[in-house]
Amino acid sequence: ATQAESAVEKAIAYYGQALAQVPDTMNDEGRAQLYAELASAQLYAADQEATKASLDQALALAPDNATVISTYANYLYGFEGFDAVNTYLTEKLDAMDAESEEYAALSQQLAYYQLMDSYTRALEDSTTESGTEEAGTEGDAVDEDSVSEDAATEEETDATAITDNAETSAVEDEAEGE
C-alpha cells in the first residue's frame, strides 16, 4: 500500500474507534462530525457504500451541519455527478442565512463545482472536436515512450516546484522568527 493509502486506512480505523467509544454526553453535532470525518476518509478510499452509510448517519444526526453538508456534497460530486451536487447545495443554500459563514463556505464549494463542471464540459467539447478532425487521418500512431517521458518531465517539474515552495517557506519562517 502507498503512504496515502496507509494514511487513509489509519484514518478510517481511527474514526471507527472514536465512534465506538463516543461518550453518552457527546451531542448529535459532535457525533455527526465524527461520521462526516469517517465518510471523508471512506470517500478518499472510493468506498461508495461505506461513505454513504456514514453520511446517512451524519445527516440523521445533524442535517444542517455545514461539515456534514459539505462532505455529502463531495460524495454527490464524486459518485453522482454535478447535477446531483448542484441541486443539493442549491436547496441547502436557499434554506440558509445568506450572511452566515456556513453559507459563504458552501456557496464557495458550489462555485468550485460549477467551475469544474464548466471546465470538464469544455475539455470534453475540445476532445470531441479534435477527435472529429483527426478521425480521417491514418498512420498517426501515438509514441507511447514520448508520452511517458513527457509525463515524467511534468511530474519532475511539479516535484521541483513543491520542493522550491517548501524551501522558500522555511526560509521565510526563519526570517520571521528572527
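The values are calculated or read from the model by the stated rules, or taken from the named source; none is laboratory data. Since we're looking at a predicted model, the values are computed, not measured. Positions of Cβ are generated from backbone atoms using ideal geometry, with glycine treated the same way; all protein chains shown enter the neighbour counts. All accessible areas refer to the heavy atoms of the entire protein, side chains included, with ligands and DNA or RNA removed. Shrake-Rupley method; radii C 1.70, N 1.55, O 1.52, S 1.80 Å.
Assorted remarks:
- Residues that are among the small types (Gly, Ala, Ser), within 10 Å of residue 75 (Cα to Cα) and not in a loop (DSSP other than H, G, I, E, B), drawn from the stretch 28-51: 39, 40
- Within the stretch 1-27, considering residues that are in a loop (DSSP other than H, G, I, E, B) and of a type in the set (A, V, I, L, M), the one most open to solvent (accessible area, probe 1.4 Å): 1
- Reported count of residues in the stretch 44-58, each being touching a helix residue (DSSP H, G or I) at 6+ places or on another chain (Cβ under 6 Å), aliphatic (A, V, I, L, M) and surrounded by fewer than 22 Cβ atoms within 10 Å (Cβ to Cβ), is 2.
- When 128, 71, 90, 51 are checked against the criterion of being at pLDDT 95 or above, of a type outside the set (Phe, Trp, Tyr) and more than 29 Å from residue 8 (Cβ to Cβ), a single residue qualifies: 90.
- Hits in the stretch 67-97 (condition: in a loop (DSSP other than H, G, I, E, B) and small (Gly, Ala, Ser)): 81, 95
- Matching residues in the stretch 73-82 - criterion: being touching a residue at least 24 places away in the same chain (Cβ under 8 Å) and open to solvent by 30 Å² or more (accessible area, probe 1.4 Å): 74, 77, 78, 79, 82
- Identity of the residue in the stretch 83-108, open to solvent by 30 Å² or more (accessible area, probe 1.4 Å) and among the β-branched types (Val, Ile, Thr), that ends up farthest from residue 30 (Cα to Cα): 87
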